[in-house]
Amino acid sequence: MAKLTADPDLCQGYGNCLTTASDVYDIDDDGKVVLLTDTIPEADRARVEAAARSCPVRALGVVDG
Amino acid sequence: MTGTVAIVGASVGGVRTAQALRAEGHRGPIVLIGAEPHLPYDKPPLSKQFLAGAWDHDRLALLTEADAAADGIELRLGVAATGLDRAGRTVELADGTRVGYDTLVVATGATARPSPWPAESGVHVLRSLEDGEGLRAALAETGPVVVVGGGFIGAEVAATAHAAARPVTIVDPLPAPIARVLGDEVGRLVSDVHRRHGVTTRFGTGVRDVVGHAGALEVTLTDGTVLRAGTVVVGIGAEPAVDWLAGSGLELDNGLVCDEYCRAVGHPEIFGVGDVARWFHPHHGEHVRVEHWTNAVEQAACVAHNITHPETPVAYRPTEYVWSDQYDWKIQIAGRPSRAAGLDLVGDPSSDPPRFAALYRGEHGELSAAVTVNWPKLLVAARRLITAGTPYEEGLSVLDKLITPATGGAS
């Protein structure tokens, strides 16, 4: 398992994370990231890491859980 | 795959290609070559948070030495590529050394068009970290700022200079500069952002000359007006950085010409990524070159896949996406609004701050593009529908669920 982090203060609502991992990330009415889950299985890790790396302000993290 | 991948260009496209190659299982050496001496850094904040002084250098880092070591990426920084020996599969560097490759990734980006005017000093462009440092220091001085060019970079610099309490005038030969991208109607609404924030605009007027030096510059406009300025910023576009490929035999025409898999035409061992690549977009049916951060990131992922999976390459057909933060307006654009056949405006452009969007109908009756101001949730939903090729009316009815609670109707 890997743990997800998201910093809504850094988030600018650019939305890149949702193009590859809309099962994990969502956006609220204020344009801030919402985590739909706190952990992901290892099988999803590469894809979700790519989604986290697509954040222009590095608001997202994937860490060993 | 175990061969050596040489990546020329250490900005976001090159760095993300290197990282994605490891994520895709590439085991061979990766050499990342960059002309600048710094560790790789991110450019979008240079016209915003970095320029404003809110972020410092460490917030710009794209790849640390530890990141590079952990991924087995060899860094060759501070040395520009000067030539390519295609037959010998080697890149020639400015210090006389050579780097051999089995696969080459061209990610040299674009360089700012220089100021064509003869002023001694005080005229800035904004592309590199040095440019950003120089302009940041200049904005800490006093005196009026004249920004030449009302595109994204010019508009963001104008907003940042305005926030730094410098009197700002922004000049552009077009009546609504952003109309180049958004079309006339929406271009006028969005270009009005400057006037609404008290920044002087001289749109529809060109610049004839800039003379003087830092702190005492004179900008002469095509209508004869002379603007005095302490600092001048020139944001008049960028050119793909392909000079080092002259004579290499690669097809160069407004960038490195690539096929739909981002391979240089006729040379399947060479790929293009980011601002420098002009590739065949299979959905648009033409070659395109895109100078946006998100494109470099997405194209890097596609190229890394195609290098590591040569038997099952994926065509690169992204939905274009770019954002721009100006004053308290967050402007987001998905798709190609300049090619649309019609549009609907939703939301309220006159509220303060405004919250509105334009939804564009494509030539084939599809939802082809969206522009939002201060409405990220709507942009995310529209971007997904555009990528799916959703018919326009159907897309509008899906988006109406987001629009109605806020504004009372889509059209």
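Derivation of every value follows stated rules applied to the coordinates shown; laboratory data play no part. Note that the structure is a prediction, hence the values are computed from the model and not measured. Note: ideal-geometry Cβ built from the backbone for every residue, glycine included; neighbour counts use all protein chains shown.
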Please compare each pair in A:LYS3/B:LYS330; A:LYS3/B:LYS48; A:LYS3/B:LYS401; A:LYS32/B:LYS330; A:LYS3/B:LYS377 to a cut-off of 21 Å on the Cα-Cα distance and tell me which ones are over it.
A:LYS3/B:LYS330; A:LYS3/B:LYS48; A:LYS3/B:LYS401; A:LYS3/B:LYS377
10 Å Cβ neighbours from other chains, averaged over peptide A:7-16
5
Would you mind ranking B:GLU320, B:GLU363 so that the residue whose beta carbon has the fewest other beta carbons within 10 Å leads the list?
B:GLU363, B:GLU320
Rel. contact order, % - alpha carbon contacts under 8 angstrom, at least six apart, chain B
14 percent
Just want the ordering: B:TYR316, B:TYR261, from fewest to most Cβ atoms lying within 10 Å of their own Cβ.
B:TYR261, B:TYR316
So what does the Cα-only Debye profile of region B:114-236 read at q = 0.18, 0.20 Å⁻¹, as log10 I(q)/I(0), no solvent term?
-0.88, -1.09
What percentages, rounded to whole numbers, describe P(r) for chain B computed over all alpha carbon pairs with 10 Å bin width beginning at zero?
5, 21, 28, 26, 17, 4, 0
Take the alpha carbon gyration tensor of the protein assembly as shown, find the square roots of its eigenvalues, order them as a ≥ b ≥ c, and report rounded if a/c is under 1.5; if not, report prolate when a/b exceeds b/c, else oblate.
oblate
To the nearest 500 deg cm²/dmol, what mean residue ellipticity at 222 nm is calculated for chain B from DSSP H runs of n ≥ 4 alone, each contributing -39,500 (n - 2.57), summed and divided by the residues?
-7500 deg cm²/dmol
Mean-position separation - Cα centroids, region B:251-280 and region A:5-26, in angstrom:
30 Å
Taking other Cβ within 10 Å of each residue's Cβ, how do A:LEU35, B:LEU250 sort, fewest first?
A:LEU35, B:LEU250
